[in-house]
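The values are calculated or read from the model by the stated rules, or taken from the named source; none is laboratory data. Just so you know, these numbers come straight off a predicted model, no measurement behind them. Backbone-built Cβ (ideal geometry, glycine too); neighbour counts: all protein chains shown. Keep in mind that these areas ignore ligands, DNA and RNA; they rest on the heavy atoms of the full protein, side chains included. Shrake-Rupley method; radii C 1.70, N 1.55, O 1.52, S 1.80 Å.
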There are 2 protein chains.
Amino acid sequence: MSDLIVPHGKEERLIPLLLEGDELQAEIEKAKTLKQMKITSRETSDLIMMGIGAFTPLTGFMTKADWQGVCDEFTMADGTFWPIPITVSTDDEDIKEGDEIALVDEETGTTIATMQVTEKYTIDKEHECESIFTTADIEHPGVAKVMAQGTYNLAGPVKVLSESYYPEHFKGLYQRPAESRKIFEDLGWSKVAALQLRNPMHRSHEFLAKIAVEVMDGVYIHQLVGKLKAGDIPADVRLKAIDALVDNYFVEGTVVQGGYPMEMRYAGPREGLLHAVFRQNYGCSHMIIGRDHAGVGDYYGPFDAQKIFDEIPEGALKCQNLNIDWTFFCDKCGGMASMKTCPHGKDDRVLLSGTVVRKTLSEGGELDPRFSRPEVVKILQEYYQNLDDKVEIKLHGAATGDVKK
Amino acid sequence: MSDLIVPHGKEERLIPLLLEGDELQAEIEKAKTLKQMKITSRETSDLIMMGIGAFTPLTGFMTKADWQGVCDEFTMADGTFWPIPITVSTDDEDIKEGDEIALVDEETGTTIATMQVTEKYTIDKEHECESIFTTADIEHPGVAKVMAQGTYNLAGPVKVLSESYYPEHFKGLYQRPAESRKIFEDLGWSKVAALQLRNPMHRSHEFLAKIAVEVMDGVYIHQLVGKLKAGDIPADVRLKAIDALVDNYFVEGTVVQGGYPMEMRYAGPREGLLHAVFRQNYGCSHMIIGRDHAGVGDYYGPFDAQKIFDEIPEGALKCQNLNIDWTFFCDKCGGMASMKTCPHGKDDRVLLSGTVVRKTLSEGGELDPRFSRPEVVKILQEYYQNLDDKVEIKLHGAATGDVKK
């Protein structure tokens, strides 16, 4: 038997909703006969997360009672801990409770799932935004998506029919929870820390991962391959840059890489919790929470996502947070350090803003090797210098960050 | 209420055996009237460990059944987990079961404790050595002390009367478990890692401590101030060198320093377990176990002391091991790393043998700053260059390493 952490929820087993074999073929045929409802990229990626068991123990989109409980108490109607509503919306007046519908990704036209509509309800969107994002500011990219939702939410169980383009496009990286669990088991790991990544790894991220490697069995470098906001570096480039880093600076057998199809919501602390929930399903006992985890702009304090783990009820979540302070290279320390281990001053530390990094790379300049590994810099320089030519990625929407029109 | 780890043993509270106030004065007077029995420095320091509650839940020296259980099953007769026998011995034929005796440190002449002799027994010393040290080689300094013990072991409860010269000589460093627990509580710590030190801190030790600081509430740099073997650096010098390191390279409020009076036994894995047992009493939730922990010569594999924590029964010990691999500076990594995080070659790493370090320092040479901090090197240079003048420490035997004559 494995010593891996159990999946989230009372049943303590993965609950994937993807159909297989004959059952899948029959449901695909049936879906063609059902009412077709367009869904957004966020709804699509949430369905795929449910399909592969990453959102265990969810069996479909949330009810009003679930929605309310998650917003107000981090808890679904059946008592399951959950930090962010997982809902689907529509403006369609004709869809009724009791209907069976097909859910079709509006960007790729792929039928992702079928759904039994058990409840049709309205929500207070501002309440959701204030609860989840602590703001209803429409400039917040997560808020923008909630406010753009349809008038009605639909609840009910789903059968997932497709993982869309993810398995093929991110071949070798995209993983289902059952797959990462198998890899960890084969490696004999039980203490596994997940490193959430939506950017290339500079030395500060490498240091987070290495601290985890020192004290755990290994680290799961888990990249988001769902949608980001505009200006973020697309998954394809990130993937190459991270590969270069892992190949040159990590010991074989201490790192597993994986990708997951969720979209960023930029919900900061609440998203940190969601990251831990589904990392538990992927087999991770710990979730690295660094500075400004899953944040955007100035909406969250730099360590709010660490603090929230102390505020949830004890035992609500088995996956534990591994908090690490702001990290950087310090000349006096003579290596990487954090605010917790470096007693020296600002002038001894190599700190570059995102703006400076982007400007330098766009102009083909070198980044300080104390900030970023040369192997990584090379890949990012190529990306930034060819930025205008980057159209192929737009095609399927995997890696650009446009908010839906 | 504090979230600190509970002390070792069923009662989950500190059991200090040091008398205080009127009771102490009365017992000191009584001790003068009792049969005086000389005890070794190891027995003296074990008594003081019992006195201050560091050896909780021991209430005296072990019985034959305890001794046998500890040797064979890591367990005392009452089921308490314990990894190394804590015994006192004599050649005195006149001492009988039922006697009350005074235990007097043979080196300082201080009366350390009184004891009710409940059992007088003989042991198979070779069996103890093979069980505890995995060798009966008399060249092993721990074995030498066991083989030099008296013919009889005495068991029975003790009342401790003195902490000898430790509180005064190591003022500000020497601590009782109740004191370190108070400090941790005041700092709001609950996840505390102990770093065992019997040498000055070079960068490899600093790195161990800093990894712990990154992932815990703080680190307890806990120096042995009891006896060492010949050739080890005395506590006074170590203390200065460690102070210099902590002052210049750690963030205030992340490190607590302390000293404890036990003698090294050099029992490697078994001593690693004992280190965890009494660190739990000092309030530490974790014990850092690095390369060749508490080892000497080539008696133990470099990571045997990590492995043994997996071999003891689950739940036997609440204080957990925090394993860290062999650490060093690597030029390609551009900082400190370990075998677990550095994929590069031997030639990229700064590795100096103890012999080279001693030779360099004795000749007043500089150590590579990638190996040791200049502030530390300065203090060690002074020590090694004046080594011949070092006589004052011999006076009370605190810091030299002679095996008893």
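Working only within segment B:244-297, note down all residues that are closer than 18 Å to B:Tyr174 by Cα, within 14 Å of another protein chain (Cβ to nearest Cβ) and not in a helix (DSSP H, G or I).
If the condition is that a residue be closer than 18 Å to B:Tyr174 by Cα, within 14 Å of another protein chain (Cβ to nearest Cβ) and not in a helix (DSSP H, G or I), then B:Val255 is the only one that fits.
Can you find even one residue in segment B:44-59 that is farther than 24 Å from B:Pro269 by Cα and either aliphatic (A, V, I, L, M) or in a strand (DSSP E or B) (or both)?
Yes, there is a match, as at least one residue in segment B:44-59 is farther than 24 Å from B:Pro269 by Cα and either aliphatic (A, V, I, L, M) or in a strand (DSSP E or B) (or both).
Somewhere in segment B:133-141, is a residue of a type outside the set (Val, Ile, Thr), touching a residue at least 12 places away in the same chain (Cβ under 8 Å), touching a Gly at 6+ places or on another chain (Cβ under 6 Å) and closer than 23 Å to B:Leu14 by Cβ?
no
Please pick out the residue among B:Gln68, B:Gln36, B:Gln25 that is more than 21 Å from B:Ile308 (Cβ to Cβ), in a helix (DSSP H, G or I) and open to solvent by 50 Å² or more (accessible area, probe 1.4 Å).
Going through B:Gln68, B:Gln36, B:Gln25 in turn, just one is more than 21 Å from B:Ile308 (Cβ to Cβ), in a helix (DSSP H, G or I) and open to solvent by 50 Å² or more (accessible area, probe 1.4 Å): B:Gln25.
Kindly indicate whether any position in segment A:102-125 is under 19 Å from A:Glu27 (Cα atoms) and acidic (Asp, Glu).
yes
Evaluate segment A:218-234: report whether one residue or more is of a type outside the set (Phe, Trp, Tyr), buried (at least 24 other Cβ atoms within 10 Å of the Cβ), more than 14 Å from chain B (Cβ to nearest Cβ) and assigned to a strand (DSSP E or B).
yes
Listed here are the residues, each with its yes/no results for (1) of a type in the set (A, V, I, L, M); (2) touching a Gly at 6+ places or on another chain (Cβ under 9 Å); (3) surrounded by 17 or more Cβ atoms within 10 Å (Cβ to Cβ).
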position	(1), (2), (3)
A:Ile312	yes, no, no
A:Leu322	yes, no, yes
A:Pro343	no, no, yes
A:Lys346	no, no, no
A:Lys359	no, yes, no
A:Gly364	no, no, no
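Of the residues B:Gly283, B:Gly301, which single one is free of Cβ contacts under 8 Å to residues at least 12 places away in the same chain, open to solvent by less than 30 Å² (accessible area, probe 1.4 Å) and assigned by TED's automatic domain parsing to the domain that holds B:Glu214?
It is B:Gly301.
Which of the residues spanning segment B:222-235 are under 14 Å from B:Leu197 (Cβ atoms) and in contact (Cβ under 8 Å) with a residue 60 or more places away in the chain?
Step one: list which residues in segment B:222-235 are under 14 Å from B:Leu197 (Cβ atoms), which gives B:222-226, B:228, B:232-235.
The answer is B:His222, B:Val225, B:Gly226, B:Leu228, B:Asp232, B:Ile233, B:Pro234, B:Ala235.
Can you name every residue in segment A:324-341 that is open to solvent by less than 30 Å² (accessible area, probe 1.4 Å) and either more than 7 Å from chain B (Cβ to nearest Cβ) or of a type outside the set (Ser, Thr, Tyr) (or both)?
A:Ile324, A:Thr327, A:Phe328, A:Phe329, A:Cys330, A:Cys333, A:Gly334, A:Gly335, A:Ala337, listed by residue number.
Check A:Phe170 against each of (1) without any contact (Cβ under 8 Å) to a residue 12 or more places away in the chain; (2) within 17 Å of the chain's Cα centre (by Cα) and name the one condition it does not meet.
(1)
Condition first: among the hydroxyl-bearing types (Ser, Thr, Tyr) and open to solvent by less than 10 Å² (accessible area, probe 1.4 Å). Now tell me which residues in segment B:55-65 satisfy that.
B:Thr56
Given the criteria within 30 Å of B:Pro369 (Cα to Cα) and either more than 14 Å from chain B (Cβ to nearest Cβ) or at pLDDT 95 or above (or both), does A:Thr355 qualify?
When the stated conditions are applied, A:Thr355 does not pass them.
Right, B:Arg370: more than 11 Å from chain A (Cβ to nearest Cβ) and of a type in the set (D, E, K, R) or not?
no
So B:Met262 ticks every box in (1) touching a Leu at 6+ places or on another chain (Cβ under 7 Å); (2) more than 21 Å from B:Ile48 (Cα to Cα) but one. Which box is left unticked?
Result: B:Met262 fails condition (2) only.
Given (1) in contact with a strand residue (DSSP E or B) (Cβ under 9 Å, 6 or more places away or on another chain); (2) open to solvent by less than 30 Å² (accessible area, probe 1.4 Å); (3) charged (D, E, K, R), identify the lone condition not met by B:Arg42.
The one condition B:Arg42 does not meet is (1).
Say whether the condition of being away from every other protein chain (no Cβ under 14 Å), in a strand (DSSP E or B), touching a strand residue (DSSP E or B) at 6+ places or on another chain (Cβ under 7 Å) and open to solvent by less than 30 Å² (accessible area, probe 1.4 Å) is met by at least one residue in segment B:197-216.
yes
Tell me which of these B:Leu361 doesn't satisfy, since it passes every other one: (1) part of a loop (DSSP other than H, G, I, E, B); (2) over 22 Å from the mean Cα position of the chain (by Cα); (3) not hydroxyl-bearing (Ser, Thr, Tyr).
(1)
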